[in-house]
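The values are calculated or read from the model by the stated rules, or taken from the named source; none is laboratory data. Computed from a prediction, not measured in an experiment: that's the story for all the values here. Ideal geometry is used to build each Cβ from the backbone, glycine not excepted, and the neighbour counts take in all protein chains shown. For the accessible areas, the whole protein counts, side chains as well, though only heavy atoms, and no ligand, DNA or RNA atoms are used. Shrake-Rupley method; radii C 1.70, N 1.55, O 1.52, S 1.80 Å.
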Amino acid sequence: MEFNKVKYIEQLLEKYLEATTTVAEEQELQQYFTQDNVAPHLEEYRMMFSFFAVAKEERFTKNVPLTPEKRNVNYRKWISVAAVAVMIFGAYFGVNSYQQYQQKREAEIAYAETKQAFELLAMNLQKSKVQMGYLNEIDETTQKIFKPVNK
Amino acid sequence: MDASSFLNTVTPFKDKMFRLAKRLLVSKEEAEDATQEVLLKLWKSSERIETYKSVEAFAMTMTKNYCLDRLKSKQAGHLKLVHSNYQDESVSLQRKVENVDSLEWMQRILTTLPEQQRMILQLRDIEQYEFEEIAEMMDMNQSAIRTALSRARKTVRESLIKTHNYGIQQS
């Protein structure tokens, strides 16, 4: 029985070295070589398979810092949203106040023009008032002439 | 894909990534950094992750490529060969191993193998992947993988026999 087992293992090992064993057969080998009762002439395989078994137990224990990356992405996204909002507000109020400024300027120009027009009118009125003086002169002279006659 | 479902996807094979990285880079710290780096890269491309046929094979390929790059880069020149001990891992298994030194010997023997053979041996004898999967990860055909694996196994065995005999002669 024991002899047959060793024979079988030796056959598997031959295939193993040629890399023609299946995963299942290799697991059988691993099982045989990690138990206590190993044929002494196969000692080097015992070392190999115990190593494989132990090496499989090693674990990755560090954490993967995923969250900061994600948060960063969100942060960047929100910054761009905020920037767009600021730009829209800025454009809206900017255009608004520019229009107000423009209107104010137009009003000032109109005021200045009207003022000028009134001044012109006032100047002409003054002129005509001076000229009206001649009319008074006529009146006075006619009175001078006709008053004594009436007496 | 959110963080928790990503972690659920990578958890089954992140240890395998780490072990492959460690097999190549030898130093535990380097391997941890490499694994983190590759996982972050995966996370950044997690939108596309569902489109891959096998995320695991893709992750292993990324790990392989990243570690080979690390080895090639200048920084790798300062890599120390750290033979970490296994004291905190698998106490029950360790008890079966009479001589912890033999584990270190195995590690040392593996570092003498060419990188390609080392990776294939790691993927097959430790992670027990099928040849089909290894072919995908290594981007090689299956018969080339069998040849490399056979060579690696024979080399390891011969080195062990030498070590073993040497040990006997000494005592």
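Only residues that are under 10 Å from the mean Cα position of the chain (by Cα) and more than 11 Å from chain A (Cβ to nearest Cβ) were counted in region B:116-134, giving 3. As a summary of the residue check, residue B:46 satisfies the conditions (1) in a helix (DSSP H, G or I); (2) crowded, with 17+ Cβ neighbours inside 10 Å except for the one numbered (1). Tell me which residues, restricted to region B:1-43, are among the aromatic types (Phe, Trp, Tyr) and either buried (at least 22 other Cβ atoms within 10 Å of the Cβ) or more than 11 Å from chain A (Cβ to nearest Cβ) (or both). B:18, the sole residue that qualifies. The residues of region A:14-29 that are surrounded by 18 or more Cβ atoms within 10 Å (Cβ to Cβ) and not in a loop (DSSP other than H, G, I, E, B), listed by number, are A:16, A:26, A:29. Scan region B:119-143 for residues that are open to solvent by 40 Å² or more (accessible area, probe 1.4 Å) and part of a helix (DSSP H, G or I) and the total you get is 5. Could you run through region B:55-69 and say how many residues are among the hydroxyl-bearing types (Ser, Thr, Tyr) and surrounded by 17 or more Cβ atoms within 10 Å (Cβ to Cβ)? Residues in region B:55-69 being among the hydroxyl-bearing types (Ser, Thr, Tyr) and surrounded by 17 or more Cβ atoms within 10 Å (Cβ to Cβ): 2 in total.
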